[in-house]
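All remarks here apply to the structure that follows.
The values are calculated or read from the model by the stated rules, or taken from the named source; none is laboratory data. Source: prediction; values computed, not measured.
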Amino acid sequence: MSHPTDDERILADMERGLTHDDPVLSATMETLNQQFPEQPAKARLSRRDPRLVTAVVLAVIAVLALILTAALNTGPAPPAGEVTRPAAHSAVVSTHR
């Protein structure tokens, strides 16, 4: 494993080579780096709104609950060729015979 100073040296060599090989691209990258300075990772994470995170988590839980409820409430499929009637219809038909 290389040391951080070795990594920095390699990156500096790559930047010098890029500047020498393609000065237009290098200038464009420098302009973009000035317009959009790098933010620390902690600053990016702190911008999340806790209410939004809570809403998303609750929405995911609700969708999972709906899927689970639908999966558990479906009965087994009737065997092939068998005609099924609702239970209330069968009771009404049997009392009139």
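Which number in (1) modelled with pLDDT of 70 or more; (2) not in a helix (DSSP H, G or I) marks the one condition that Leu11 misses?
In the conditions (1) modelled with pLDDT of 70 or more; (2) not in a helix (DSSP H, G or I), Leu11 misses (2) alone.
For segment 75-94, does any single residue satisfy the condition of being part of a helix (DSSP H, G or I) and modelled with pLDDT of 75 or more? Reasoning before the result, please.
Initially, segment 75-94 is screened for residues part of a helix (DSSP H, G or I), giving 87-94.
Of the ones still in play, those that are also modelled with pLDDT of 75 or more are none.
No, segment 75-94 contains no residue that is part of a helix (DSSP H, G or I) and modelled with pLDDT of 75 or more.
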